[in-house]
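These notes are about the structure you will find just below.
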Amino acid sequence: MALVNLLRTNDAVVLGLAESLFKEAGIHYFVADRSMSVMEGSLGLLPRRLMVDESAEAEARALLTDAGLGKELEPE
């Protein structure tokens with residue numbers, strides 16, 4: 001199982017929306033660097049990375065694009 005980074009953001013709203021979409025669609029995901037806010041003093045300066053299994057990448061990208069989050073995606 002290889003994970004790919006779909007987006008990198010420090011916007012909690014974008015991250016929350018993406019997580020909700022993935023949960024509803026049954027796409028398993030992982031948010032990397034979520035705990036870094038403790039290290040940085042909860043300022044939200046360090047971006048969180050939303051990662052999915054490479055087998056679900058195309059579906060996840062399409063879902064985020066359809067939801068208007070295409071500009072947030074990392075390049076392929």
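The values are calculated or read from the model by the stated rules, or taken from the named source; none is laboratory data. Predicted, not measured: the structure shown is a model, and the values here were computed from it. Don't worry about glycine lacking a Cβ; one is built from the backbone with ideal geometry, like all the others, and counts go over all protein chains shown. Just so you know, the surface numbers come from the protein's heavy atoms only, side chains and all, with ligands and any DNA or RNA stripped out. Shrake-Rupley method; radii C 1.70, N 1.55, O 1.52, S 1.80 Å.
For the chain, with all protein chains in place and a probe radius of 1.4 Å, 55% of the accessible heavy-atom surface sits on carbon or sulfur. Taking each residue as 0.36 nm, the span from D66 to E54 lengthens on full extension beyond its C-alpha to C-alpha distance by 2.4 nm.
Placing +1 at every Lys and Arg Cβ and -1 at every Asp and Glu Cβ, with all other atoms neutral, what dipole size does the chain have around its Cα centre, in debye to the nearest 20?
Values: 7 positive and 13 negative charges, 47 e Å.
Here the chain has a charge dipole of around 220 debye.
Summarising the label geometry, the points placed 7 Å from Cα in the beta-carbon direction at N10 and F30 lie 2.4 nm from one another.
Which value at 222 nm does the chain reach when only helices count, each DSSP H run of 4 or more adding -39,500 (n - 2.57), with the total divided by all residues and rounded to the nearest 500 deg cm²/dmol?
That comes out to -11000 deg cm²/dmol.
Cβ under 11 Å from A12's Cβ, A12 left aside: what net charge do those residues give with Lys, Arg +1 and Asp, Glu -1?
Details: positive: R34, R48; negative: D11, E19.
Charge balance near A12 sits at 0.
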